[in-house]
Amino acid sequence: MNYQQFYKKSVDNPQEFWGEEARRIHWHAPYTRVLDDSNTPFNKWFVGGQTNLCYNAVDRWVESQGDSPALIAVSTETAADGLPVEKIYSFRELQAEVERAAAMMQALGVVRGDRVLVYMPMIAEATFAMLACARIGAVHSVVFGGFAANSLATRIDDAKPKLIVSADAGSRAGRPVPYKPLLDEAIRLATHKPEHVLLVNRQLVPMQLTPGRDVDYGTLREQHINARVPVTWLESNDISYILYTSGTTGKPKGVQRDVGGYAVALASSMQHVYCGKPGETFFATSDIGWVVGHSYIVYGPLIAGMATIMYEGLPIRPDAGIWWNLVEKYRVTRMFSAPTAIRVLRKQPPEFMRQYDLSSLQALYLAGEPLDETTSAWIAGELGVPVIDNYWQTETGWPILSVAKGIEDTPTRLGSPGLPMPGFKVKIVNELNGQACGANEKGVVAIEAPLPPGCMQTVFGDDKRFVDTYWSNFSNEQLYSTFDWGIRDSDGYYFILGRTDDVINVAGHRLGTREIEESISSHPNVSEVAVVGVEDKLKGQVAVAFVIPKDAAAMETTESRRLMEMEVMGVVDRQLGAVARPSRVHLVSLLPKTRSGKLLRRAVQAICEGRDAGDLTTIEDPASLAQIREAVAKG
Ligand code: AMP
């Protein structure tokens with residue numbers, strides 16, 4: 001079968017196509033229907049089927065390859081010299097650790113359907129916690145360790161976890177980054193209070209346990225060292241996890257995912273897109289806090305019977321050879337990273353990469369942000385393997401666009417993430433009326449219902465928001481909006497041209513400008529603020545803030561302005577995390593708005609990027625633009 005036949009079958013006959021793909025996973029009880037699309041967009045995959053993500057990722061492989069590596073946890077953060085500290089868990093050992101963690105959760109009162117929030121650095125226990133939740137039917141909600149107290153509190157209040165699993169600290173460039181104080185502050189801020197907090201003590205920083213609430217992971221683990229916890233079989237459409245993602249409002253959305261459809265989508269993509277085989281090693285350099293970490297650090301490779309590398313550390317410490325050292329050592333066959341990381345490596349002398357035997361590596365996949373041709377061509381040249389751009393979102397859980405190397409060696413095209421993956425009926429449509437655009441005509445990337453297995457079921461706790469946000473952008477209610485601009489060329493290759501909304505992408509991290517604005521507004525001397533995403537050579541985009549101070553008179557000296565800028569950055573660091581910190585804060589006395597008071601964000605962004613500010617007929621006061629120009633020119 002070639003790609004065209006493969007894709008055509010997936011969209012013309014989804015029942016048959018996905019019915020065949022579903023054989024890639026273990027079902028405890030068969031499903032009665034492949035797809036129930038009677039209540040679009042709330043489609044159900046594999047209705048009535050019983051399965052379990054943890055069983056498919058771990059137990060299933062214990063019999064056939066129990067002693068082969070499953071989880072390879074590497075940290076270059078915890079040894080003083082930055083050298084890697086490595087621990088390999090075989091499938092059997094992983095199963096034992098997951099059962100211990102599951103027993104610990106049960107001892108703390110967690111039952112099927114309860115939410116467990118995981119706020120963890122990239123350590124093995126984070127994977128144990130996720131798989132333990134999956135095993136007992138608890139719903140995990142992993143929050144990126146780089147998020148700070150307010151971001152965490154919002155997520156605690158939305159997910160209402162019974163248990164939080166965390167650690168004393170993460171570490172960056174060898175310096176501990178305490179988690180516990182942020183977590184305590186988040187719980188203080190949140191209305192919902194978890195019953196327990198389970199804490200891994202890495203002994204990186206001193207930590208104070210709250211009696212009655214906080215429990216030491218190591219101590220409780222000892223009590224459950226021989227625990228056997230049977231798998232809880234779940235209905236395919238039960239919830240596996242929630243993962244929050246930024247949008248246009250200040251409140252992140254809980255992307256909710258199912259069990260069976262997700263397992264099938266991952267097994268299918270591991271075969272057709274990532275071409276992984278049992279016994280091989282997969283290395284995704286992302287973080288468990290992001291969707292790539294869920295799908296292709298934890299679940300995908302393990303479901304495919306592969307070993308997965310979980311890496312805590314920077315790509316350039318102890319030197320820029322560290323990733324390639326791991327590729328050589330663990331005979332990595334497939335690697336997954338992000339363009340920003342590769343741009344960082346490109347700035348380093350290539351000798352670091354060249355000293356390792358990379359002959360095991362067959363392909364490098366890059367996703368999460370636009371891949372520029374220079375970066376793509378450079379890394380392909382260095383590695384001598386195909387570099388495959390793939391485009392997807394937290395919402396979809398696996399690639400919308402890529403090339404299906406496992407089906408056909410379709411050529412890639414520089415600047416394009418490729419062709420639609422099975423089941424994704426991708427359309428480029430006019431942003432106003434949803435009519436299909438012609439070849440090479442710019443429009444919004446939309447996907448016609450039903451979305452294939454593995455995509456979000458709804459917004460956690462808010463079906464209306466799911467419909468309103470994603471399915472109400474065009475007159476056709478069967479069209480899902482990705483909120484990305486794109487074009488399709490005459491050969492069917494797609495090109496992604498940036499977001500249509502106020503979401504920005506900093507080093508592959510998706511951030512909402514509204515969230516950052518709300519955080520900055522809480523500074524007592526901020527009257528108004530606008531945050532825009534501005535093109536950046538290394539990170540793709542960075543956030544830049546324009547602030548109108550309440551007390552402008554007090555901001556006249558350079559020193560007072562500098563102080564104010566630092567304070568604003570500090571507020572974002574404390575509330576959202578350094579990941580969301582604007583790279584620049586400019587103080588102004590006016591912001592460009594329409595006469596009806598709407599911020600002309602695109603005009604601000606255009607000026608920051610040295611482009612023409614576009615149609616300004618609706619602007620209330622043109623002097624505001626002059627101020628933005630002046631501020632940007634000053635740098
Ligand atoms: P996230 O949900 O954090 O994975 O962010 C998804 C967004 O990242 C998409 O809507 C795109 O704007 C962007 N994105 C992801 N992958 C790519 C890619 N390969 N090329 C261009 N943009 C991408």
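Note on the range 271-280: residues that are more than 22 Å from P450 (Cβ to Cβ) and either crowded, with 24+ Cβ neighbours inside 10 Å or touching a Pro at 6+ places or on another chain (Cβ under 6 Å) (or both) amount to 2. Can you find even one residue in the range 552-562 that is of a type in the set (V, I, T), part of a loop (DSSP other than H, G, I, E, B) and either surrounded by fewer than 19 Cβ atoms within 10 Å (Cβ to Cβ) or modelled with pLDDT of 95 or more (or both)? Within the range 552-562 (the criterion being of a type in the set (V, I, T), part of a loop (DSSP other than H, G, I, E, B) and either surrounded by fewer than 19 Cβ atoms within 10 Å (Cβ to Cβ) or modelled with pLDDT of 95 or more (or both)), the answer is yes, since at least one residue qualifies. For the range 137-151, the set of residues classified as over 30 Å from T232 (Cα atoms) and either open to solvent by less than 10 Å² (accessible area, probe 1.4 Å) or outside any helix (DSSP H, G or I) (or both) consists of G146, F147, A148, A149, S151, listed by residue number.
Is it the case that T396 is surrounded by fewer than 20 Cβ atoms within 10 Å (Cβ to Cβ), under 30 Å from A446 (Cβ atoms) and touching a strand residue (DSSP E or B) at 6+ places or on another chain (Cβ under 9 Å)? First the steps, then the outcome.
Values: surrounded by fewer than 20 Cβ atoms within 10 Å (Cβ to Cβ): no; under 30 Å from A446 (Cβ atoms): yes; touching a strand residue (DSSP E or B) at 6+ places or on another chain (Cβ under 9 Å): yes.
Answer is no for this residue.
Restricting the range 73-106 to residues that are among the polar types (S, T, N, Q) and assigned to a helix (DSSP H, G or I), which is farthest from the chain's Cα centre (by Cα)?
Step one: filter the range 73-106 for residues among the polar types (S, T, N, Q), giving 75-76, 78, 90, 95, 106.
With the extra rule that they be assigned to a helix (DSSP H, G or I), the set shrinks to 95, 106.
Details: Q95: 25, Q106: 28 Å.
Among them, the one singled out is Q106.
Restricting attention to the range 62-85, the residues being surrounded by 13 or more Cβ atoms within 10 Å (Cβ to Cβ) and within 30 Å of H26 (Cβ to Cβ) number 10.
Return yes or no: is V231 assigned to a strand (DSSP E or B), away from the ligand (no atom under 16 Å from the Cβ) and either open to solvent by 10 Å² or more (accessible area, probe 1.4 Å) or among the hydrophobic types (A, V, I, L, M, F, W, C) (or both)?
Values: assigned to a strand (DSSP E or B): no; away from the ligand (no atom under 16 Å from the Cβ): yes; either open to solvent by 10 Å² or more (accessible area, probe 1.4 Å) or among the hydrophobic types (A, V, I, L, M, F, W, C) (or both): yes.
In short, no.
Return yes or no: is T618 open to solvent by 60 Å² or more (accessible area, probe 1.4 Å) and β-branched (V, I, T)? Taking the combined requirement at face value, the residue satisfies it.
The residue that is nearest to the ligand (Cβ to nearest atom), counting only those in the range 489-507 that are among the small types (G, A, S) and under 25 Å from P411 (Cα atoms), is G498.
Based on this model, can you work out whether K251 counts as touching a Ser or Thr at 6+ places or on another chain (Cβ under 9 Å), in a loop (DSSP other than H, G, I, E, B) and either surrounded by fewer than 16 Cβ atoms within 10 Å (Cβ to Cβ) or not basic (K, R) (or both)? Let's see the steps before the verdict.
Details: touching a Ser or Thr at 6+ places or on another chain (Cβ under 9 Å): yes; in a loop (DSSP other than H, G, I, E, B): yes; either surrounded by fewer than 16 Cβ atoms within 10 Å (Cβ to Cβ) or not basic (K, R) (or both): no.
Taking the combined requirement at face value, the residue does not satisfy it.
For the residues A338, A320, the requirement of being of a type in the set (G, A, S), open to solvent by 20 Å² or more (accessible area, probe 1.4 Å) and within 30 Å of G533 (Cα to Cα) singles out A338.
Looking across the range 413-428 at every residue that is surrounded by fewer than 20 Cβ atoms within 10 Å (Cβ to Cβ) and not in a loop (DSSP other than H, G, I, E, B), the one that is farthest from the ligand (Cβ to nearest atom) is identified as K425.
Among the residues of the range 61-90, those that are charged (D, E, K, R) and touching a residue at least 40 places away in the same chain (Cβ under 8 Å) comprise E77, D81.
In the range 300-311, the residues that are open to solvent by 10 Å² or more (accessible area, probe 1.4 Å) reach residues that are not hydroxyl-bearing (S, T, Y) with C-beta atoms within less than 6 angstrom, at least six apart or across chains, in these pairs: A304/M270; A304/G276; Y311/V74. Confirm whether E351 is on the phi < 0 side of the Ramachandran plot, open to solvent by 20 Å² or more (accessible area, probe 1.4 Å), of a type in the set (D, E) and at pLDDT below 95. Here the answer is yes, as E351 does meet what is asked.
Considering the range 370-392, and only residues there that are near the ligand (Cβ under 8 Å from one of its atoms) and crowded, with 22+ Cβ neighbours inside 10 Å, the residue that is nearest to T458 (Cα to Cα) turns out to be W392. When we screen G533, G486 for residues that are in contact with a Lys or Arg (Cβ under 9 Å, 6 or more places away or on another chain), within 16 Å of the ligand (Cβ to nearest atom), free of Cβ contacts under 8 Å to residues at least 60 places away in the same chain and at negative phi, the only hit is G486. Among the residues of the range 110-150, which ones are touching a helix residue (DSSP H, G or I) at 6+ places or on another chain (Cβ under 9 Å), farther than 21 Å from R213 by Cβ, at pLDDT 95 or above and not hydrophobic (A, V, I, L, M, F, W, C)? R112, T127, R135 - these are the residues of the range 110-150 that are touching a helix residue (DSSP H, G or I) at 6+ places or on another chain (Cβ under 9 Å), farther than 21 Å from R213 by Cβ, at pLDDT 95 or above and not hydrophobic (A, V, I, L, M, F, W, C). Residues in the range 107-136 that are open to solvent by 10 Å² or more (accessible area, probe 1.4 Å) and part of a strand (DSSP E or B): R115 only. Out of curiosity, is T410 in a loop (DSSP other than H, G, I, E, B), polar (S, T, N, Q) and out of contact with any Gly (no Cβ under 8 Å at 6 or more places or on another chain)? Taking the combined requirement at face value, the residue does not satisfy it.
Restricting attention to the range 563-602, report how many residues are among the charged types (D, E, K, R), part of a strand (DSSP E or B) and more than 30 Å from the chain's Cα centre (by Cα).
Of the residues in the range 563-602, the ones among the charged types (D, E, K, R) are 565, 567, 573-574, 581, 584, 593, 595, 598, 601-602.
Those still in the list that are part of a strand (DSSP E or B) too: 584, 593.
Checking which are more than 30 Å from the chain's Cα centre (by Cα) leaves us with 593.
Number of matching residues: 1.
When the range 154-182 is filtered for residues that are outside any loop (DSSP other than H, G, I, E, B), touching a helix residue (DSSP H, G or I) at 6+ places or on another chain (Cβ under 8 Å) and open to solvent by less than 10 Å² (accessible area, probe 1.4 Å), the ones remaining, listed by number, are I156, L163, I164, V165, S166, A167, A169.
Conditions (1) at pLDDT below 95; (2) away from the ligand (no atom under 15 Å from the Cβ); (3) assigned to a strand (DSSP E or B), marked per residue:
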residue	(1), (2), (3)
G279	no, yes, no
F283	no, yes, yes
G289	no, no, no
H294	no, no, no
V298	no, yes, no
R317	no, yes, no
A320	no, yes, no
E328	no, yes, no
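The values are calculated or read from the model by the stated rules, or taken from the named source; none is laboratory data. Quick caveat, the model's predicted, so the values are computed rather than measured. Virtual Cβ from ideal backbone geometry, glycine too; neighbours counted across all protein chains shown. Note: areas computed on protein heavy atoms with side chains; ligands, DNA, RNA excluded. Shrake-Rupley method; radii C 1.70, N 1.55, O 1.52, S 1.80 Å.
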